[in-house]
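Engineer: Got a structure for you, written out below as structure tokens; questions coming shortly.
Just so it is clear, none of the values below were taken in a lab; they were calculated from the coordinates. Computed from a prediction, not measured in an experiment: that's the story for all the values here. Here the Cβ is made from the backbone with ideal geometry for all residues, glycine too, and neighbour counts use every protein chain on show.
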Amino acid sequence: MREIQKWYSPNLNKEMEIVVYGYSGYALLLFPTAASDYLEYERFQMIDALGANLGRGEVKVFSINSINSESWLNENMHPADKAIRHQQFNKYVIEEVVPFIINHCKGKVPLILSGASLGAFHAANSFFRRPDLFDGVIAMSGSYDIKAYSDGYYDDNCYFNSPVDYLPNLTDKKILKHFKNKKIIISTGRGDYESPEESEKLSDILNSKGIKHWLDIWGEDIVHDWPTWRRMLPYYLSKI
């Protein structure tokens, strides 16, 4: 099954599309790379790579648009405004996309977040900000420090969207309890354009907080590109 829906987002003040693949199972929400769109995972054959999982009714995949071109990747925008726009995107995901998924699945089902590259950042940031809502994250080839995009600017909106900054200061036991028994996979390669040190940094922080996770670093033949992620995501889905 492939279904496209769209609605006018009050949080983003624009029309946003979402595509759904599959007919049953837990939910997998995909965040696009860079400034791409909701059909990116289809164009780059990721949906084909998940065909067996979809065919068996194990997972229902939801893919949304990014607004990175209106925030962190917009060179004509002040970093403060980039961070504000990002917060609007966070609200869109929590207040609009999550209820849509629950309704589409006819009730709450386990909801896993995933993405590659900048999509990995969004998936991880969304998960770590709201572990009460999500059941896991599969972050592939990501960087988890928003300061790489904020051009030296830093405020509360930047801080609360930078997992390597806010996670070390997380001490609330009620929040930390939400991470128990969650599926957290931080994955990367060592090949061209990969940054394994970014995943290792996040992993060290999680270890310091006693948050169980799987740091999985592949070899030097694993590069920052779609063939890598088409191998990774089906593999991880088979493990969870």
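Engineer: If I stretch the segment between Lys177 and Glu197 completely, what's the gain in nm (0.36 nm per residue apart, minus their alpha carbon distance), one decimal?
Structural biologist: 4.5 nm
Engineer: Label-point separation (nm) for Ser238 and His104, each offset 7 Å from Cα along Cα-to-Cβ?
Structural biologist: Result: 2.6 nm between the two label points.
Engineer: Give the residue list of GluC sites (Glu not before Pro) in the range 178-240 that are DSSP loop and have at most 11 other beta-carbon atoms within 10 angstrom.
Structural biologist: Glu220
Engineer: Between Thr228, Thr33, Thr171, where does the largest GNM mean-square fluctuation fall for the chain, given springs only between Cα atoms within less than 10 Å?
Structural biologist: Checking each option, the largest mean-square fluctuation is seen for Thr171.
Engineer: Also, quick follow-up: Considering the zone a paramagnetic label at Asn74 would reach in this model (a point 7 Å from Cα along the Cα-to-Cβ line), which residues of the range 94-125 have amide N under 11 Å from it?
Structural biologist: Of the residues in the range 94-125, none has backbone N under 11 Å from the label point off Asn74.
Engineer: Roughly how many debye, to the nearest 20, is the charge dipole of the chain about its Cα centre, given +1 on each Lys and Arg Cβ, -1 on each Asp and Glu Cβ, and no other charges?
Structural biologist: Around 1220 debye, computed over the chain.
Engineer: For the range 2-239, build the charge dipole from Cβ charges (+1 Lys, Arg; -1 Asp, Glu) around the Cα centre, then report which of Ala123, Phe179, Leu73 sits farthest towards its positive end.
Structural biologist: Among Ala123, Phe179, Leu73, the one farthest towards the positive end of the dipole of the range 2-239 is Phe179.
Engineer: What ratio of Cα Rg to 2.2 N^0.38 Å holds for the range 2-239?
Structural biologist: 0.95
Engineer: Further question: Just report the Cα centroid separation between the range 55-75 and the range 21-37, whole Å.
Structural biologist: That distance is 6 Å.
Engineer: Still on this structure: Hey, if you drop one equal point scatterer on each alpha-carbon of the range 119-240 and run the Debye formula without solvent, what base-10 log of I(q)/I(0) do you get at q = 0.11, 0.15, 0.18 Å⁻¹?
Structural biologist: Here log10 of I(q) over I(0) equals -0.36, -0.67, -0.96.
Engineer: Is the C-alpha gyration tensor of the range 166-216 telling us rounded, prolate or oblate? Criteria: a/c under 1.5 is rounded; beyond that, a/b larger than b/c is prolate, otherwise oblate.
Structural biologist: Prolate, since a/c reaches 1.5 and a/b exceeds b/c.
Engineer: Calculate the FRET efficiency for Ile84 and Met1 from the Cβ-Cβ distance with a Förster distance of 51 Å, rounded to the nearest 0.05.
Structural biologist: E(calc), rounded to 0.05, equals 0.90.
Engineer: Ok, one more. What number do you get for the range 42-103 when its Cα radius of gyration is normalised by 2.2 N^0.38 Å, N = residues?
Structural biologist: Relative to the rule-of-thumb radius for its length, the range 42-103 sits at 1.49.
Engineer: If you wrap the range 1-141's Cα atoms in a convex hull and average its projection over all directions, what's the area in nm²?
Structural biologist: Over all viewing directions, the range 1-141 projects a mean Cα-hull area of 8.0 nm².
Engineer: With each label point set 7 Å from Cα along the Cα-Cβ vector, what nm distance links Ile94 and Glu220?
Structural biologist: Label at Ile94, label at Glu220, 4.4 nm between them.
Engineer: Another question, then. Can you figure out the FRET efficiency of Glu15 with Tyr153, using R₀ = 35 Å and their beta-carbon distance, to the nearest 0.05?
Structural biologist: Efficiency computed from Cβ-Cβ geometry: 0.75.
Engineer: Cα-Cα over 28 Å: which of Lys173/Lys201; Lys106/Lys173; Lys14/Lys201; Lys209/Lys239; Lys6/Lys239?
Structural biologist: Flagged as over cut-off: Lys106/Lys173; Lys14/Lys201; Lys6/Lys239.
Engineer: Around Pro10, what is the net charge, scoring Lys/Arg as +1 and Asp/Glu as -1 over all other residues with Cβ under 12 Å from its Cβ?
Structural biologist: It works out to a net charge of -1.
Engineer: Please turn the phi angles of the range 204-210 into ³J(HN,Hα) values with the Karplus equation 6.51 cos²θ - 1.76 cosθ + 1.60 (θ = phi - 60°), one per residue in order, whole Hz, x for glycine and proline.
Structural biologist: 4, 5, 4, 4, 5, 9, x
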